[in-house]
1. Taking a ≥ b ≥ c as the square roots of the eigenvalues of the Cα gyration tensor of segment 28-73, is the shape rounded (a/c under 1.5), prolate (a/b larger than b/c) or oblate?
2. Under the rule a/c < 1.5 gives rounded, and otherwise a/b versus b/c splits prolate from oblate, where does segment 35-110 land using the Cα gyration tensor?
3. Just the number, please: carbon plus sulfur as a percent of the accessible area of segment 24-149, 1.4 Å probe, no ligands or DNA/RNA counted.
4. Just check segment 1-141 against the gyration tensor rule for me: Cα atoms, a ≥ b ≥ c as the square roots of the eigenvalues, rounded for a/c under 1.5, and otherwise prolate or oblate depending on whether a/b exceeds b/c.
5. Which helices, taking whole DSSP H runs in the chain, have alpha carbons extending 27 angstrom or more along the helix axis plus mean Kyte-Doolittle at least -1.0?
6. Once amide H atoms are placed 1.01 Å from N in the peptide plane, what residues at a sequence separation of 5 or more from residue 90, or on another chain, have their amide H within under 5 Å of its amide H?
7. Given a 1.4 Å probe, how much area per residue of the chain is accessible, in Å²?
8. Over the chain, with a Gaussian network built from C-alpha contacts below 10 Å, which listed residue (51, 93, 18) shows the highest mean-square fluctuation?
Amino acid sequence: MAIRKYRAAIIGCGRVASTFDDDPMMVKTFGITSHAGAYTDNINIELVAASDISKDSLNKFGKRWKVTNLYLDYTEMLKIEEIDIVSICTWNSTHLDIMENAANNNVKAIWCEKPISDSLLNAEKMIDIAEKNEIKLIINHNRRWDNLY
């Protein structure tokens, strides 16, 4: 019996999404250090798509992680791809809009970088969207209290 793999996508293809795993010191200290690294290490998840406003960053990401469905516009990606989990690895001022789009496109889990948002009001809106749409919302704080930081 084949186990269904969750389909994941990443919005924002910078350091925490990807390139931290190219830093030997980060990997030595923490192990897997990026969203893409975590997804590709999990046999139950398939990293199927990515989006970034920088074509160069997007192409490097695609090559590094062997992802071919690459988008300069995340709204297009969310409409076209069937995504179960999305990582939001962009500036906090963009998180609410991205979450609203993800909810409107049936994403069921969101792994969002810290801080959750640029204001308490927007953070509360994101939590409301998650509750209303039964979306699992996780805010990434795994290294927040590490002495290195």
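1. Oblate, since a/c reaches 1.5 and b/c is not below a/b.
2. Since a/c reaches 1.5 but b/c is at least a/b, the shape of segment 35-110 is classed as oblate.
3. Details: 3960 of 7610 Å².
So the carbon and sulfur contribution to the accessible surface is 52 percent.
4. Values: a/c = 1.44, a/b = 1.26, b/c = 1.14.
Note, shape of segment 1-141 comes out rounded.
5. Working: long enough: none.
TM-like helix candidates: nothing returned.
6. Answer set, sorted by chain and number: 113.
7. 60 Å²
8. With Cα springs under 10 Å in the chain, the top fluctuation among 51, 93, 18 is at 93.
The values are calculated or read from the model by the stated rules, or taken from the named source; none is laboratory data. Owing to the predicted nature of the structure, the values given are computational and were not obtained by experimental measurement. As a convention, Cβ positions derive from the backbone with ideal geometry for all residues, glycine included, and neighbour counts pool all protein chains shown. SASA here: full protein model, heavy atoms, side chains in, ligands and nucleic acids out. Shrake-Rupley method; radii C 1.70, N 1.55, O 1.52, S 1.80 Å.
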